[in-house]
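Derivation of every value follows stated rules applied to the coordinates shown; laboratory data play no part. All values reported here derive from a predicted model rather than from experimental measurement. Every residue, glycine among them, receives a Cβ derived from its backbone with ideal geometry; neighbour counts consider all protein chains shown.
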Amino acid sequence: MGAKGFPVLALSYPCSNEVFPEAHPELTIGEWGQAAAAVTARVVAEQRLGNHVVLCAWSMGGRAVHPFTTAARGLGLEVDCFIAMAAAAPMLARGPFPDGVASLTAEGLWDCGAYGVSGETLYRNFYRQAIDPEEGGGPIMTEQEYRRYYCGLHALGLRGELQIFDGTSSVTSVDNYETASGHGRWEEFPVCAAIAPTSRHDPNSLTNHVRWPLVTLEKLARTISAAESAADRWPEILRLAHQTPEILTRTVPGNHFFFLGRRGAHATAEAITELITATGDLWRRATGRSA
């Protein structure tokens, strides 16, 4: 992205990895999004980059779009658009756990063993996907590097499920999902687009091209006024709505790690650049104004 003129700030939620002093097991989606927005605002101000940003998120990061956006606006930033990279949409996640409740580690972090596989097996499976030469672009890191720099257990409250850790125990909280994720408050989201992988190993290959453009259409339906949708413009607006999944989706060959490796990184950068333009164009055509 740097070669295309876009400075990049890459952020991660804290987890049980040595690069973080604490894993923060009590962290929620809302707090995560707010913290990321605060860091972004600080770096943008320090580097004098202006107040417009484009938000991209991978995997579970998609759940923090709304809290990031609302917090960023409060800090004087304009989120021009959001681009999902095989990212989970703000919809309630339901893990296949007994009684709908996942087990926690002694520290209060999500226990990946709740899926019926050991952490060792899960890490190994993901590493194989990350280095798959036909899908991920080749082995750009050793397994030891992957485990050291890439892996760690995260806070339960980041998963978009009803279950959170309140600092002492596991509790069920509808508020964590509905309030923190912004579900239903679609008019407050930025215009959303998606980069979808193609592999059978990633369910996002089947869903991202619909879920994120749908958020944009929900935003449009709640934003556009009766005057803006006057009879002479309505046919064009309707055509745009039907075409939105195609307009606001790009695919990159690969699995959940499609952006790794030279080939995947290049294709992803191209897709992001195209979607920044596509989101703005679609919104202006539909509403006559910027998002």
Original post:
Where nothing but the Cβ of Lys and Arg (+1) and of Asp and Glu (-1) is charged, how large is the charge dipole of the stretch 218-291 around its Cα centre, in debye to the nearest 20?
Top reply: 160 debye
Subject >> Dipole of the chain, positive direction: furthest Cα of 104, 88, 21, with charges on the beta-carbon >> reply: 88
Subject >> Computed over the chain: relative contact order in percent, which uses C-alpha pairs under 8 Å that are six or more apart >> reply: 21 percent
Original post:
Given labels modelled 7 Å from the Cα in the Cβ direction, how far is it in nm from residue 141 to residue 8?
Top reply: 1.3 nm
Original post:
Which of the trypsin sites (Lys or Arg not before Pro) across the stretch 169-226 are loop residues per DSSP, with 14 or fewer other Cβ within 10 Å?
Top reply: 200
Original post:
Which loop trypsin sites (Lys or Arg not before Pro) in the stretch 14-89, with loop taken from DSSP, have no more than 13 other Cβ atoms within 10 angstrom of their Cβ?
Top reply: 48
Subject >> Residue with peak Gaussian network fluctuation, the chain [Cα springs, cutoff 10 Å], from 252, 19, 174 >> reply: 19
Original post:
So, with +1 on the Cβ of K and R and -1 on the Cβ of D and E, and no other charges, what is the size of the charge dipole of the stretch 2-284 about its Cα centre, to the nearest 20 debye?
Top reply: 560 debye
**OP:** May I ask you to list, by number, the DSSP H helices of the chain whose Cα span along the axis is at least 30 Å and whose average Kyte-Doolittle hydropathy reaches -1.0 or more?
**Re:** 261-287
Subject >> Sum of -39500 (n - 2.57) over DSSP H runs of 4+, divided by residues of the chain (222 nm, nearest 500) >> reply: -13000 deg cm²/dmol
